[in-house]
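Have a look at the structure below, then the notes.
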Amino acid sequence: MKHLLKLQDLTREDILSILNLADQLKFERNNGIHKEYLKGKKVGLIFQKSSTRTRVSFEAGIYELGGYGMFLSSNDLQIGRGEPVQDTARVLSRYLDGIMIRTFAQQEVEDLAKYGSIPVINGLTDYAHPCQVLADLMTIREYKGSFKGLKMAFVGDGNNMANSLIVGCLKLGMSFAIACPKGYEPDAEIMKWAKENGDFTITTSVDKALEAADAVYTDVWASMGMEKEKAEREKVFKKYQVNSENLKNAKEDVMVMHCLPAHRGEEITEEVFEAHAKEIFDEAENRLHAQKAVMVKLLK
């Protein structure tokens, strides 16, 4: 494991190794054990998309590991003014020990890794969100004990979250069902892989997707960069809401998950969000621990 670009690049064993280390780091933090695994390491944090959880969790995590995080806005870098990503990768590799980037195009992340000589972490692209899904998997195991026999149901847009969640869940042996409107399916290559590598279902019916689900996941109807589509998407996704009525199709002890920020009253009701706030915010906290584990694996 040289980078974290997308979950397709990791084996089942890679993912479990990260989760096990994340559990260890969380235990150490909760028990006042401070080990500077990244002492002297410098990590550049490139943001071309705004962020709450990604920025704060990475900066806090680097600090807790004894390293130094450098926030690099695209407004401040030459990459924001047209410098080729391959040149940026070569230059930053001379100064830093690792790069985390949150951007639009997956190819930009792949090119950073290709032309640079230091580890690259995908903090989010329009295609994938591997850091979030590692935190999600960590949370599922905390609540359910293992992944064996579990079913994940996703409701909404077949976006970057759906793409990465499908791969992560299937690699760990869970079954996966997604309910989304026609025309808003996950990436075609990911669906092809999913059908060949696990128990995968895609449907337009929320009730069908939620049948006997152990965990139900949703995300906003319009992601960053889709603001102009918001009104149209509200019409298309109106029936794709997680609410107390359709949750009756899931198991009685179902987890409800959300990568945040949540638009209550749209993809999830206020009632359901608050009833499941504990797992949702445990999930958000676990971004810190999962990302610390990734950085220790790549940079130590």
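Laboratory data are not the source of any read-out in this text; all were calculated from the coordinates shown. Owing to the predicted nature of the structure, the values given are computational and were not obtained by experimental measurement. Heads up, the Cβs are rebuilt from the backbone with ideal geometry, glycines too, and the neighbour counts pull from every protein chain shown.
Taking amide hydrogens as modeled 1.01 Å from N in the peptide plane, which residues meet the under 5 Å criterion relative to HIS129, leaving out close sequence neighbours?
Correct list: SER164.
May I ask for the net charge around GLY116, where only other residues with Cβ less than 13 Å from the Cβ of GLY116 are counted and Lys, Arg are +1 while Asp, Glu are -1?
Details: positive: LYS2, ARG90, ARG94, LYS114; negative: ASP87, ASP97, GLU108, GLU110, ASP111.
Net local charge, GLY116 excluded: -1.
Run the numbers for GLU245 and ALA231: contour at 0.36 nm per residue of separation, minus the present Cα-Cα distance, in nm. Working shown, then result.
Working: separation 14, 0.36 × 14 = 5.04 nm, distance 2.49 nm.
Full extension of this stretch gives 2.6 nm more.
Using +1 at the Cβ of each Lys and Arg and -1 at the Cβ of each Asp and Glu in segment 107-170, identify which of GLN132, GLY145, VAL167 lies farthest towards the dipole's positive end.
GLY145
Within segment 79-115, which chymotrypsin sites (Phe, Trp or Tyr not before Pro) sit in a loop by DSSP and count at most 16 neighbouring Cβ atoms inside 10 Å?
Values: sites: TYR95, PHE104, TYR115; in loops: PHE104.
Hits after loop and neighbour filter: PHE104.
Find the centroid of the Cα atoms in segment 267-281 and in segment 13-62, then give the distance between the two in whole Å.
Centre-to-centre (Cα) distance: 25 Å.
Relative contact order of the chain: what whole-number percent is it, with Cα pairs under 8 angstrom and at least 6 residues apart? Each step should come with its number before you reach the end.
Numbers: 555 pairs, mean separation 61.7, N = 300.
Relative contact order comes out at 21 percent.
Counting Lys +1, Arg +1, Asp -1, Glu -1, what net charge surrounds GLU13 among other residues with beta carbon under 14 Å of its beta carbon? Walk me through the numbers before you get to the answer.
Working: positive: ARG12, LYS171, LYS297; negative: ASP9, ASP14.
Counting the neighbours of GLU13, the net charge comes to +1.
Hey, got the dipole for segment 132-283? About the Cα centre, +1 on K and R Cβ, -1 on D and E Cβ, debye to the nearest 20?
Values: 19 positive and 27 negative charges, 80 e Å.
The dipole magnitude comes to about 380 debye.
In whole Hz, what ³J(HN,Hα) sequence does segment 82-88 give by Karplus (6.51, -1.76, 1.60; θ = phi - 60°), x for Gly and Pro?
Computed from phi, the couplings for segment 82-88 are x, 5, x, 4, 5, 6, 4 Hz.
Show me the three semi-axes of the equivalent ellipsoid for segment 132-283, from the C-alpha gyration tensor (sqrt of 5 times each eigenvalue), largest first, rounded to whole Å. Please report the intermediate quantities before stating the final value.
Numbers: eigenvalues 88, 69, 40 Å².
Semi-axis lengths for segment 132-283 are 21, 19, 14 Å.
Beyond 32 Å between alpha-carbons counts as too far, so tell me which of LYS39/LYS151; LYS41/LYS228; LYS192/LYS248; LYS114/LYS230 fall in that bin. Display every interim value, and only then the final one.
Values: LYS39/LYS151 40 Å; LYS41/LYS228 41 Å; LYS192/LYS248 30 Å; LYS114/LYS230 35 Å.
From the list (LYS39/LYS151; LYS41/LYS228; LYS192/LYS248; LYS114/LYS230), the Cα-Cα distance tops 32 Å for LYS39/LYS151; LYS41/LYS228; LYS114/LYS230.
So in segment 1-141, what percent of DSSP beta bridges are antiparallel if you round to the nearest 5?
Working: 0 of 16 bridges.
Restricted to segment 1-141, the bridges split so that about 0 percent are antiparallel.
Summing Lys, Arg as +1 and Asp, Glu as -1, what charge do residues with Cβ under 11 Å from the Cβ of GLU245 carry, GLU245 excluded?
Residues near GLU245 contribute -1 overall.
Please list, in order along segment 217-224, the HN-Hα scalar couplings obtained from phi with the Karplus expression 6.51 cos²θ - 1.76 cosθ + 1.60 (θ = phi - 60°), rounded to whole Hz, x for Gly and Pro.
Along segment 217-224, the couplings run 10, 9, 8, 4, 6, 10, 7, 4 Hz.
Add -39500 (n - 2.57) for each DSSP H run of 4 or more in the chain, then divide by its residues: what number comes out at 222 nm, to the nearest 500 deg cm²/dmol?
Numbers: 11 runs with 130 residues, N = 300.
Computed mean residue ellipticity for the chain: -13500 deg cm²/dmol.
By count of other Cβ within 10 Å, fewest leading, how are TYR184, TYR63 ordered? Walk me through the numbers on the way to the answer.
Numbers: TYR184 17, TYR63 12.
With the fewest neighbours first, TYR184, TYR63 line up as TYR63, TYR184.
Given a 10 angstrom Cα cut-off, can you work out which residue in ALA162, ALA128, ALA215 is the most mobile in a GNM of the chain?
ALA215
Explain nothing, just the number: dipole magnitude of the chain about its Cα centre with +1 on each Lys and Arg Cβ and -1 on each Asp and Glu Cβ, in debye rounded to the nearest 20. Could the numbers behind the result be given before it?
Numbers: 40 positive and 44 negative charges, 162 e Å.
Taking the Cα centre of the chain as origin, the dipole is about 780 debye.
Starting with the fewest neighbours, write out ILE268, ILE15, ILE140 ranked by other beta-carbon atoms found within 10 Å of each beta-carbon.
Sorted ascending by nearby Cβ count, the order is ILE15, ILE268, ILE140.
Counting C-alpha atoms alone, how compact is the chain: give Rg to one decimal and Dmax as a whole number, in angstrom.
18.8, 55
Quick one: Karplus J couplings for segment 123-135, per residue in order, coefficients 6.51, -1.76, 1.60, θ = phi - 60°, nearest Hz, x for Gly and Pro?
3J(HN,Hα) across segment 123-135, in whole Hz: x, 2, 9, 5, 9, 8, 9, x, 4, 4, 5, 4, 5.
Mind sorting ASP207, ASP253, ASP97 by how few other Cβ atoms lie within 10 Å of their own Cβ, fewest first? Display every interim value, and only then the final one.
Working: ASP207 13, ASP253 8, ASP97 18.
Fewest to most other Cβ atoms nearby, the residues stand as ASP253, ASP207, ASP97.
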